[in-house]
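Below is one structure; the comments refer to it alone.
The values are calculated or read from the model by the stated rules, or taken from the named source; none is laboratory data. Predicted, not measured: the structure shown is a model, and the values here were computed from it. A quick note on method: Cβ atoms are made from the backbone with ideal geometry, for glycine too, and the neighbour counts reach across all protein chains shown.
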């Protein structure tokens, strides 16, 4: 019986990845923090949202938007390229347009309370020490608390976004590592 409860809890706390080929309106999300990146090869808007994050990456005429959120949000279908659950360990790679390559790995772990508390403390301390974009709070209703941290690295032709999303109610930790890469020489079709 406890296995069923654990499975139910796990499913309710997971994240999903949505890839779009267009920008999404900020009113779709409760934005808790934001950063804008401008490089010669690309521009990016990075939002830390309640229970997840959004990265809008634009290189020339090519747009790619990564949305990682809890399954509760109502997201549009227009220009949706792919939707995946962030369960277990996953790797996904795709090329958009002539010049943008996207790679992401996700890892989901459900921990014991003791290990979860230690991990949460370690990630929170790491975020404060490195002055990373982070947010912690309570979901509305009985969903419990969360901690989200984004570690962003900007290079001339690449944007690296590492995220940590922790959910208190089910001791769930979801880590993602995404690379948005602009090809120095666009591929020919």
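Among the residues of segment 144-160, the ones that are part of a loop (DSSP other than H, G, I, E, B) and either surrounded by 15 or more Cβ atoms within 10 Å (Cβ to Cβ) or touching a helix residue (DSSP H, G or I) at 6+ places or on another chain (Cβ under 6 Å) (or both) come to 2 in all. Going through (1) surrounded by fewer than 20 Cβ atoms within 10 Å (Cβ to Cβ); (2) at pLDDT 95 or above one by one, residue 22 falls short only on (2).
Considering segment 54-125, the qualifying strands (runs of 3 or more DSSP E), each wholly inside and each with 1 or more residues that are surrounded by fewer than 13 Cβ atoms within 10 Å (Cβ to Cβ), run over 80-85, 89-96. Checked against (1) free of Cβ contacts under 8 Å to residues at least 40 places away in the same chain; (2) more than 22 Å from residue 168 (Cβ to Cβ), residue 35 passes all but a single condition, namely (1).
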